[in-house]
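Notes for the one structure printed next.
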Amino acid sequence: MTTTLYGIPNCDTVKKARTWLADNGHDFTFHDFKKQGLERARVQSWLDELDWETLVNRKGTTWRNLPDERKAQVVDKAGALELMLENPSVIKRPVLQGVGPVSVGFSAGQYADKFASAK
């Protein structure tokens, strides 16, 4: 399976992840989900592996700018799926797929462990 990093290019955490992957010689594809979109099946597969509360970034400005009634609709996987498809910016970034289980967020230690255990 191809290693794919999902996110948006101007996100600082995504930039750090991309730099780490390149500096450590890992081939990967970058998927800008704002420009390239996200398929329902892809987001559903993430939700099959991760809790929806891990994927939905409720600390970011996208979430904070949502109307309260829209936020109130996100109470389970189904509600989170619809919100993430409508507004991919609400997804915690980056999402890394193709190296062990799907992971969200970035730290150098997390990625080093992930790639070491995948060998």
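The values are calculated or read from the model by the stated rules, or taken from the named source; none is laboratory data. Worth saying up front: this structure is predicted, and the values here are computed from it rather than measured. With ideal geometry, Cβ positions are generated from the backbone for all residues, glycine too; neighbour counts draw on all protein chains shown. Quick note on the areas: whole protein, heavy atoms, side chains included, nothing else; ligands and nucleic acids left out. Shrake-Rupley method; radii C 1.70, N 1.55, O 1.52, S 1.80 Å.
Brief remarks on what is shown
- Some residue of the stretch 17-35 being open to solvent by less than 40 Å² (accessible area, probe 1.4 Å), free of Cβ contacts under 8 Å to residues at least 60 places away in the same chain and part of a loop (DSSP other than H, G, I, E, B): yes
- Selection count, the stretch 4-16, where residues are open to solvent by 70 Å² or more (accessible area, probe 1.4 Å) and either more than 17 Å from PHE115 (Cβ to Cβ) or not in a helix (DSSP H, G or I) (or both): 3
- Of all residues making up the stretch 49-73, the number that are farther than 22 Å from PRO101 by Cβ, in a loop (DSSP other than H, G, I, E, B) and open to solvent by less than 50 Å² (accessible area, probe 1.4 Å): 2
- Flag for ASN65 being more than 20 Å from THR2 (Cβ to Cβ) and more than 14 Å from the chain's Cα centre (by Cα): yes
- Residue list for the stretch 36-48, restricted to those being closer than 14 Å to LEU81 by Cα and either loosely packed, with under 13 Cβ neighbours inside 10 Å or touching a residue at least 60 places away in the same chain (Cβ under 8 Å) (or both): GLY37, GLU39, ARG40, ALA41, ASP48
- Across the stretch 34-66, the qualifying residues are those that are modelled with pLDDT under 95 and small (Gly, Ala, Ser), and the one among them that is farthest from ILE91 (Cα to Cα) is GLY37.
- Of all residues in the stretch 74-119, those that are part of a helix (DSSP H, G or I), surrounded by 12 or more Cβ atoms within 10 Å (Cβ to Cβ) and aliphatic (A, V, I, L, M) total 9.
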